[in-house]
Amino acid sequence: MDVPAASWLADRRRSLRRIAVVTGAGISAESGLPTFRGEDALWQGRNPMELFTPEALATRTRESWELFDRLRVLSARAEPNAGHRALAALARSHGVTLATQNIDGLHQRAGSRDVLELHGTLWRLSCAGCGHAGVNETAPLPLLPPPCPACGGPLRPDVVMFGEPLPADALRAATRAAETCDLMLVVGTSGAVYPAAGLPAIARAYGALLVEINPAPTELSAQMDYAARGTAAMLLPVIVRALRGD
Ligand SMILES: [Zn+2]
């Protein structure tokens, strides 16, 4: 496939060693996962923007957990796509820091390591009562809310719910990557959710090239050095080959 973005990057690839990548819901949508806007039939008429909040988890616990559990089931059934796999391959030739807003674990299943999970993950559960935290990949869960194995209290998913702050460590590492990269790839994100949406501006201020990969223009498009129009699964394999010089 002749992708102009790939030729553009191939011409510059020798100076692009450190690469920061920010991904959003768009790349997982290509694996069949719904976004959080609530129109998707996969939500079965429930609204994740209402139910994925700390207040809903406290007061409508069962309803909120049912939706998280549904998303765990859908994520477990989904397969990483060619976009996820291309990013994992890029890390075998370049210094790559991958920061994702997705909570589905598909980057890790495609082989990416040390993923910065800016919005947490569905696969780790924690207990506010006793501080226990651990990986739990059972989907669907037999009991909702799932009980803490240490104290029996209700567990919560370690995801950043609407209205909650981002995990400070992941955000710090992503900011550092933005400051030190030669190239930032911004993939499948609308650029509407801060502070993740601020990472491209940081990278640009520190002299990196910015490339967007998204089917439609976004709020970030104006900052980009190059905006590649298409899906991650379609464009990333070609772009990664160009960066690797394959
Ligand atoms: Zn506990």
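Quick notes
- Extreme residue, nearest to Ile213 (Cα to Cα), among residues of the stretch 5-30 that are in a loop (DSSP other than H, G, I, E, B) and in contact with a Gly (Cβ under 9 Å, 6 or more places away or on another chain): Gly24
- Tallying residues that are free of Cβ contacts under 8 Å to residues at least 24 places away in the same chain and not in a loop (DSSP other than H, G, I, E, B) within the stretch 31-54 yields 4.
- Residues being in contact with a strand residue (DSSP E or B) (Cβ under 8 Å, 6 or more places away or on another chain), open to solvent by 20 Å² or more (accessible area, probe 1.4 Å) and among the small types (Gly, Ala, Ser) - total across the stretch 86-125: 2
- Exclusive hit being under 25 Å from Pro146 (Cβ atoms) and assigned to a helix (DSSP H, G or I), set Arg62, Arg85: Arg62
- Members of the stretch 148-182 that are within 16 Å of the ligand (Cβ to nearest atom) and either surrounded by fewer than 16 Cβ atoms within 10 Å (Cβ to Cβ) or in a loop (DSSP other than H, G, I, E, B) (or both): Cys148, Pro149, Ala150, Cys151, Gly152, Gly153
- Whichever residue in the stretch 126-137 is in a strand (DSSP E or B) and more than 10 Å from the ligand (Cβ to nearest atom) and, among such residues, is surrounded by the most Cβ atoms within 10 Å (Cβ to Cβ): Gly134
- The listed residue being within 16 Å of the ligand (Cβ to nearest atom) and either of a type in the set (A, V, I, L, M, F, W, C) or assigned to a loop (DSSP other than H, G, I, E, B) (or both), out of Pro145, Pro140: Pro145
- Check on Ser190, more than 16 Å from the ligand (Cβ to nearest atom) and at pLDDT below 95: yes
The values are calculated or read from the model by the stated rules, or taken from the named source; none is laboratory data. Note that the structure is a prediction, hence the values are computed from the model and not measured. Backbone-built Cβ (ideal geometry, glycine too); neighbour counts: all protein chains shown. These accessible areas exclude ligands, DNA and RNA; they are computed on the full protein's heavy atoms, side chains included. Shrake-Rupley method; radii C 1.70, N 1.55, O 1.52, S 1.80 Å.
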